[in-house]
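**Student:** Following this message is one structure expressed as structure tokens.
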Amino acid sequence: MTIGDALALPTSSLAITLYILCAVAVSAIILAEAVRRVRQGRQTRPAPPVAFSTAVEARPKGDSMALLDAEARVIDANRQFESDAGLPLAQIRGRPIWSIHAKGFGKSFWDTALEEARTQGNWRGEARTLSEDLHPETETLSVRALEMADAESTYEFRSRRSFHPTPNRTGTIDTRLRDTLTGLPSRHAMKSQVEFAIVRAKAANTQMALIVIDLDRFRDINSIFGDDIGDRVLERLADAMRSVARTGITIGRIGGDEFILLIEHATNPDMVMQVANDISAALGDEVVVDGLTCRLSASMGIAQYPKDGASQRNLMQAAGVSLCHAKAKGRGQVCFYSENMEQRSEESLQMENDLRRAISDGELLMFYQPQVDLRTGQCIGAEALLRWQHPKKGLLLPGGFVPLALDTGLTTAIDRFVTKEVCAQIERWKKAGFAPGKISVNMSAMTLLSPDFARDLKATAAAHEVDLTLLEIEVLETTLFPRMRSSLSTVDDLRAMGVQLAIDDFGTGYSSLAMLKDLPIDRIKLDRRFIKSLPQNTKDDRIVAAVVAMGRSLDISVIAEGVETREQRDRLISLGCIEAQGFLFSRPIAASEFAENWLKVDQPKTCVGSGA
């Protein structure tokens, strides 16, 4: 009998039955052996958490193993697999590996791996990632098909991690991967995290997103209140970001007041936008930092993979560009990346360069809007208003360049120009025989509260022989925080020099009464939105009446902004408000025109606005 005859299939029913029983027995033996090997691996338990310095020695050395069925569901697993999954075996059995494996590869990834193992006998792959202590490691993955004859296909999954510490020049582990203030991953670590996430997203054919977050007006906070308060505020932002962290979201600090969120499996823009809204909501409530009460907001830029970039560098660059556009739109804004943003970013950079040149080349101008006594129509002073005579764009109002100055740190340079120019103009008016009255100058809180401001202003006024009692400093209500009396020694110095303090756009912020209580305020300027509907709007009427009465009781004068009609003027007079400015009297005009129309004669001016 030949070998071929011996291997030929049996023909009798008894022989067929015996053949099937033998095949089943062999399959059972193979399955039992696979289960035995997996369970044998369960004897290696992972080491308990250890300190950073001993992380290398304590890292588990055993393979992570699991037995999978044809649908990639776990039949059995060893202790190391349980540890990696963070679940006990009872909760692992029966679940697909793609739903519990620590790296989170998607279903399509595992379908591909099992298909290759079925057709080729085995599959091998490698994943790069960071360990919990943010150090590089490589995970070698393999799937081996088990021969089960006519039984259902079964697969042995095995993974092994290789830890690769990154020594620095001193031979110790590189600590740049963790931000020392917040404990979050650093820029260096987040770059690696994004790279690894892109590899996973590409393998699983899924999407991901980056949100770059920048705290609004943090430069002011740091400059006015110091680094200690700034650090507490940054920690508050980090806490807000941690509140939205969950599986698939990694947060880090990439420098200064910039943070980043990496969102894996970002199924759609609405899901990403919801995360951004959750962060905004977490920052929205008033917070107390070392006795300072303030309300924080943040601007956010979003980029999506693969739509906005296929590499770590391109994706983070796109997120940065979208952040710039969010900040340009105002506080607390969120922007998704779009291709035309690149061109607008170049325009923004050009505007920044133009503004720097404008400060030194004399393109900034001061206009003056008269302030009048409503009872007599006499000019009692003026508000100095900044303009930019751009060589290509023409005359620009502050809204077209002041936000850019705030973001680029040019505010202080502009404020210095304003104080010098106003003092020089007062000197010129005096030499021409004019008495301009009190001149109000808008100032950023960052400049006002800087330690050298009072000294510099005094020196500037002395150089132009200007009496400092002729100056009034206006600060936006929303840029000053309440209960910060101990931080305002500069304001006390200004008061001692005769300079007065006014709060601009009063009633639009959240801390008005606290300011009146804690700050040495001489005048409050009622925002134009309360004047616009007078006398028709009953609520506005009552608000104006209440503010005027409150100012009178606190010995604080009140001036109304944006007066445009005689009806508004008459109602303000009846409510006890006797000072105002607005188009009813004059638009902001050049210094020469202001002198010609308002300073040469003492007669009351004819109203030139609507309703005149």
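The values are calculated or read from the model by the stated rules, or taken from the named source; none is laboratory data. Predicted, not measured: the structure shown is a model, and the values here were computed from it. Cβ atoms come from the backbone with ideal geometry, glycine included; neighbour counts cover every protein chain shown. Ligands, DNA and RNA are stripped out before the accessible areas are found, and what is left, the full protein with its side chains, is counted by its heavy atoms. Shrake-Rupley method; radii C 1.70, N 1.55, O 1.52, S 1.80 Å.
**Student:** Among all residue pairs at least 6 apart or on different chains, which show Cβ distances below 8 Å where the first residue, located in the stretch 183-197, is over 25 Å from residue 232 (Cα atoms) and the second is modelled with pLDDT of 85 or more and assigned to a helix (DSSP H, G or I)?
**Tutor:** Short answer, once both residue conditions are applied: 191/312; 191/316; 194/312; 194/315; 194/316; 195/312.
**Student:** Taking residue 461 as the residue in question, decide whether it is closer than 21 Å to residue 500 by Cβ and open to solvent by less than 20 Å² (accessible area, probe 1.4 Å). Even if it seems obvious, please write down each step before you answer.
**Tutor:** On the way: closer than 21 Å to residue 500 by Cβ: yes; open to solvent by less than 20 Å² (accessible area, probe 1.4 Å): yes.
So residue 461 fits the description; yes.
**Student:** Can you work out which of the residues in the stretch 224-233 that are part of a helix (DSSP H, G or I) and more than 14 Å from residue 282 (Cβ to Cβ) is least open to solvent (accessible area, probe 1.4 Å)?
**Tutor:** So in the stretch 224-233, the residues part of a helix (DSSP H, G or I) come out as 224-225, 227-233.
The next check asks that each one be more than 14 Å from residue 282 (Cβ to Cβ); those that pass are 224-225, 227-232.
Details: 224: 20, 225: 34, 227: 102, 228: 106, 229: 24, 230: 0, 231: 51, 232: 76 Å².
Out of the qualifying residues, it is 230.
**Student:** Applying the selection to the stretch 377-407, what residues are under 21 Å from residue 443 (Cα atoms) and charged (D, E, K, R)?
**Tutor:** Answer for the stretch 377-407, where residues must be under 21 Å from residue 443 (Cα atoms) and charged (D, E, K, R): 383, 387, 407.
**Student:** State which residue pairs qualify: first residue on the phi < 0 side of the Ramachandran plot and inside the stretch 85-96, second residue open to solvent by less than 30 Å² (accessible area, probe 1.4 Å) and in a loop (DSSP other than H, G, I, E, B) in any location, beta carbons under 7 Å apart, and separation of 6 or more residues or different chains.
**Tutor:** 85/100; 85/101; 87/100; 92/100; 96/72
**Student:** Oh, and also: Could you tell me which of the residues 456, 467, 452 is among the charged types (D, E, K, R), open to solvent by 20 Å² or more (accessible area, probe 1.4 Å), touching a residue at least 40 places away in the same chain (Cβ under 8 Å) and farther than 16 Å from residue 365 by Cβ?
**Tutor:** Working: 467 fails: touching a residue at least 40 places away in the same chain (Cβ under 8 Å); 452 fails: touching a residue at least 40 places away in the same chain (Cβ under 8 Å).
One residue alone meets the criteria, 456.
**Student:** Let me ask something else about it. Please go through the stretch 422-437 and pick out each residue that is under 11 Å from residue 384 (Cβ atoms) and in contact with a strand residue (DSSP E or B) (Cβ under 6 Å, 6 or more places away or on another chain).
**Tutor:** Taking the stretch 422-437 first, the residues under 11 Å from residue 384 (Cβ atoms) are 422-423, 425-426, 436.
Matches in the stretch 422-437: 422 only.
**Student:** Can I ask one more? Enumerate the helices (runs of 4 or more DSSP H) found wholly within the stretch 356-474, keeping only those where 1 or more residues are closer than 17 Å to residue 592 by Cβ, at pLDDT 95 or above and in contact with a helix residue (DSSP H, G or I) (Cβ under 7 Å, 6 or more places away or on another chain).
**Tutor:** Values: elements: 402-408, 411-431, 445-448, 453-463.
Ranges flagged: 411-431.
**Student:** Working carefully through the options 402, 372, find the one that is open to solvent by 30 Å² or more (accessible area, probe 1.4 Å) and among the β-branched types (Val, Ile, Thr). Step through it out loud before you land on a result.
**Tutor:** Details: 372 fails: open to solvent by 30 Å² or more (accessible area, probe 1.4 Å).
The unique qualifying residue is 402.
**Student:** Considering each of 212, 199, 244, 272 in turn, give the residue that is open to solvent by less than 30 Å² (accessible area, probe 1.4 Å), of a type in the set (A, V, I, L, M) and out of contact with any helix residue (DSSP H, G or I) (no Cβ under 9 Å at 6 or more places or on another chain).
**Tutor:** Working: 212 fails: out of contact with any helix residue (DSSP H, G or I) (no Cβ under 9 Å at 6 or more places or on another chain); 199 fails: open to solvent by less than 30 Å² (accessible area, probe 1.4 Å); 244 fails: out of contact with any helix residue (DSSP H, G or I) (no Cβ under 9 Å at 6 or more places or on another chain).
Selected residue: 272, the only one of 212, 199, 244, 272 that is open to solvent by less than 30 Å² (accessible area, probe 1.4 Å), of a type in the set (A, V, I, L, M) and out of contact with any helix residue (DSSP H, G or I) (no Cβ under 9 Å at 6 or more places or on another chain).
**Student:** Consider only pairs whose beta carbons are under 6 Å apart and that are at least six residues apart or on different chains; among these, list those whose first residue lies in the stretch 113-126 and is closer than 20 Å to residue 96 by Cβ and whose second residue is in a helix (DSSP H, G or I) and open to solvent by 90 Å² or more (accessible area, probe 1.4 Å).
**Tutor:** none
**Student:** Run residue 476 past the list (1) of a type in the set (A, V, I, L, M, F, W, C); (2) in contact with a strand residue (DSSP E or B) (Cβ under 6 Å, 6 or more places away or on another chain); (3) surrounded by 21 or more Cβ atoms within 10 Å (Cβ to Cβ) and report the number of the one that doesn't hold.
**Tutor:** Just one mismatch for residue 476, condition (3).
**Student:** Of the residues in the stretch 306-355, how many are at pLDDT 80 or above, under 23 Å from residue 202 (Cβ atoms) and open to solvent by 60 Å² or more (accessible area, probe 1.4 Å)?
**Tutor:** 7
**Student:** Kindly state which strands (runs of 3 or more DSSP E) lie completely within the stretch 68-157 and contain at least 1 residues that are modelled with pLDDT under 70 and open to solvent by 20 Å² or more (accessible area, probe 1.4 Å).
**Tutor:** Values: elements: 74-77, 122-130, 136-146.
Ranges flagged: 122-130, 136-146.
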